[in-house]
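Reviewing the structure listed below.
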Amino acid sequence: MDVTAKLLRVYQVDKQIRGLQSRLGAAEKFLNQQTKDLAALDASRSTLEASLKTHTVTAADQEGEVKALDDKMAHIRDQMNRAQTNKEYQAFLTELNTFKTQRDKLETASLEAMTKAEEIRKQVAEIQAKQEERSRVRDHAAKERDERYKEIEGRLNELKAERAACVADVPGDVLTMFNRLLEVRGDTAMGVVEVVDRKRHEYNCGSCMMAIPIDAVSGLLSSGRLTRCSSCECVLYLDDTARQAMSPPQKSPGGKKSAKSAQP
């Protein structure tokens, strides 16, 4: 078996492996996206909960200050009731009005903090509901990924073993080149030679559709020489259709070309 035929065996097995892995990859990608979305929701919830704590503490502190001012104002009112002179009364009144202004500001700020805290609680509740829904989707995605893996595990292991057996026959330097090509080009690492016009010696690369020199095709046909497309650098090969199209016409016993073997 020539080197091109050996690479073709590896390529065909590898293509089957990638096909199976792509099924698993789609499920894995969906699972990863759900996990990523769930993590984003967790981060948003943590941020909101930290903000909620800040506003709750602020509101509580301000309520405490309002209560302290209420106590001071009650004490001043008591002093006003016992004032001996009008001047003393007016001084207490001025102080009382100052505390009232401070109290109003604190009460307004406390109310705003409590209002904001309530809004945040609603947002946290909404995110929590989204988290629960996303968790169910994530769990379903994980189950589907596991099921797909079980479906293909046996066949995938068989193909990997088959590939290992195939690559054992390929020269090391050729295999290194081909593995790199597979990483870059995947299913287009190899391209079949397409016969455009046999009589005019016109051939195309089945991967990039660019013309292939006749000497490259001749080398493939005669010895399976390792040949790469000069345009896309894929490894070229001949399939049965191309070989048949390039074979000389067979003559019938009567000296005429048979209908089956005659080629344009």
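The values are calculated or read from the model by the stated rules, or taken from the named source; none is laboratory data. Computed from a prediction, not measured in an experiment: that's the story for all the values here. Every residue, glycine as well, gets a Cβ built from its backbone with ideal geometry; the counts of neighbours run over all protein chains shown.
Brief remarks on what is shown
- The condition (being under 15 Å from VAL3 (Cβ atoms) and either under 20 Å from the mean Cα position of the chain (by Cα) or without any contact (Cβ under 8 Å) to a residue 12 or more places away in the chain (or both)) is satisfied by just one residue among ALA161, ALA168: ALA168.
- Residues in segment 99-134 that are of a type in the set (A, V, I, L, M) and either within 24 Å of GLN62 (Cα to Cα) or outside the structural domain of HIS55 (by TED's automatic domain parsing) (or both): LEU106, ALA109, LEU111, ALA113, MET114, ALA117, ILE120, VAL124.
- Search result, residues across segment 61-88 that are in a helix (DSSP H, G or I) and touching a helix residue (DSSP H, G or I) at 6+ places or on another chain (Cβ under 6 Å): GLN62, GLU63, GLU65, VAL66, LEU69, LYS72, MET73, ILE76, GLN79, MET80
- The residues of segment 130-145 that are loosely packed, with under 13 Cβ neighbours inside 10 Å and of a type outside the set (Lys, Arg), listed by number, are GLU132, GLU133, ASP139.
- The residues on offer are SER110, SER135, and the sole one that is more than 26 Å from the chain's Cα centre (by Cα) and hydroxyl-bearing (Ser, Thr, Tyr) is SER110.
Yes or no, residue by residue, for (1) surrounded by 15 or more Cβ atoms within 10 Å (Cβ to Cβ); (2) touching a helix residue (DSSP H, G or I) at 6+ places or on another chain (Cβ under 9 Å); (3) touching a residue at least 24 places away in the same chain (Cβ under 8 Å); (4) not β-branched (Val, Ile, Thr):
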{"position": "PHE99", "(1), (2), (3), (4)": "yes, yes, yes, yes"}
{"position": "ALA117", "(1), (2), (3), (4)": "yes, yes, yes, yes"}
{"position": "LYS122", "(1), (2), (3), (4)": "no, no, no, yes"}
{"position": "GLN128", "(1), (2), (3), (4)": "no, yes, yes, yes"}
{"position": "VAL174", "(1), (2), (3), (4)": "yes, yes, yes, no"}
{"position": "ASP187", "(1), (2), (3), (4)": "no, yes, yes, yes"}
{"position": "LYS199", "(1), (2), (3), (4)": "no, no, yes, yes"}
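- Flag if VAL195 is among the hydrophobic types (A, V, I, L, M, F, W, C), outside any helix (DSSP H, G or I) and closer than 15 Å to LEU7 by Cβ: no
- Pairs linking a residue in segment 231-243 that is touching a residue at least 24 places away in the same chain (Cβ under 8 Å) to a residue that is among the aromatic types (Phe, Trp, Tyr) and not in a loop (DSSP other than H, G, I, E, B), with Cβ atoms under 8 Å and 6 or more positions apart or on different chains, are VAL235/TYR11; VAL235/PHE178.
- Taken together, the residues in segment 54-100 that are acidic (Asp, Glu) and over 57 Å from the mean Cα position of the chain (by Cα) amount to 5.
- From the list LEU38, LEU20, the one residue that fits, being surrounded by 15 or more Cβ atoms within 10 Å (Cβ to Cβ), under 30 Å from ASP187 (Cα atoms) and touching a helix residue (DSSP H, G or I) at 6+ places or on another chain (Cβ under 6 Å), is LEU20.
- Note on segment 212-223: residues that are buried (at least 16 other Cβ atoms within 10 Å of the Cβ) and either at pLDDT 95 or above or touching a strand residue (DSSP E or B) at 6+ places or on another chain (Cβ under 8 Å) (or both) amount to 4.
- Extreme residue, nearest to ALA109 (Cα to Cα), among residues of segment 41-59 that are of a type outside the set (Ser, Thr, Tyr) and loosely packed, with under 13 Cβ neighbours inside 10 Å: VAL57
- Residue tally, condition closer than 30 Å to GLU118 by Cα, in contact (Cβ under 8 Å) with a residue 12 or more places away in the chain and of a type in the set (Lys, Arg), over segment 1-55: 1
- Meets criteria (without any contact (Cβ under 8 Å) to a residue 60 or more places away in the chain and part of a helix (DSSP H, G or I)) for THR58: yes
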